[in-house]
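Contents: one structure, followed by commentary.
The values are calculated or read from the model by the stated rules, or taken from the named source; none is laboratory data. Computed from a predicted structure; not experimentally measured. A quick note on method: Cβ atoms are made from the backbone with ideal geometry, for glycine too, and the neighbour counts reach across all protein chains shown. All accessible areas refer to the heavy atoms of the entire protein, side chains included, with ligands and DNA or RNA removed. Shrake-Rupley method; radii C 1.70, N 1.55, O 1.52, S 1.80 Å.
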Amino acid sequence: MFTYEVDEEISLKLIDEGDAEAVFSLTDQSRDYLREWLPWIDLTTEIGDTRNFIKGSKKMYAESKGLNTVILYNGEAAGIVGYNEVDWQNKIAYIGYWLGEGFQGKGIMTRATKALVDYAFEQLNLNKVDIRAAERNKKSRSIPERLGFQQEGKIRAGELLYGKYVDHVIYGMLKNEWEKMNATEA
């Protein structure tokens, strides 16, 4: 079982069937908040939908195509962060995330995402991490910006979100940039 200790408050745990109730409950409690930027919210109406997501996540992990973890904040499920895709040929991980409304403003997602970037470069020996967010989703965009990612461009009409197209901003971090940045912080 994959578990990654981030710090004294946060750990990342490979999502599994035992997390279905907690993750669905968190999704349900934050439904209105999350719906603004996540197109799958309206398709997640019962615990079985969350179980299907977990099955897909486990298959993706078993095939080395991605990794979804539950963010545990003081032992409580706070959200999801993971590699939506790992492109092994080009050595790129694509990070996605969401956080329950009650866990906002504590630096949880920044610390969890930083841990996954570290893991991508140090353990998986990848060369690049990519994060994409809707242009107007300021909270989601603030994560790569805080972590020093470069804004690489914009995809116009990158996602159809509840009947409206939204543009996506693309952020990237290269392994050598991350290493230089972290060497100066040490």
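Of the residues making up region 131-146, not a single one is open to solvent by 30 Å² or more (accessible area, probe 1.4 Å) and at positive phi. Would you check which residues across region 83-115 are among the small types (Gly, Ala, Ser) and open to solvent by less than 30 Å² (accessible area, probe 1.4 Å) and list them? ALA93, GLY96, GLY100, ALA112, ALA115, listed by residue number. Listed by first and then second residue, the pairs with beta-carbon distance under 7 Å, at least 6 apart or on different chains, first residue in region 40-67 and under 19 Å from ILE95 (Cβ atoms), second among the hydrophobic types (A, V, I, L, M, F, W, C) and assigned to a helix (DSSP H, G or I), are ILE54/ALA20; GLY66/MET60.
Scanning region 45-63 turns up no residue that is of a type in the set (Asp, Glu) and either open to solvent by less than 30 Å² (accessible area, probe 1.4 Å) or within 25 Å of GLU152 (Cβ to Cβ) (or both). Among the residues of region 89-133, the ones that are basic (Lys, Arg) and under 25 Å from LEU34 (Cβ atoms) come to 4 in all. Take the residues in region 1-27 that are open to solvent by 80 Å² or more (accessible area, probe 1.4 Å) and without any contact (Cβ under 8 Å) to a residue 12 or more places away in the chain, then tell me which one is farthest from LEU124 (Cα to Cα). Filtering first and then ranking leaves GLU8. Restricting attention to region 116-130, the residues that are in contact (Cβ under 8 Å) with a residue 60 or more places away in the chain and open to solvent by less than 20 Å² (accessible area, probe 1.4 Å) total 2.
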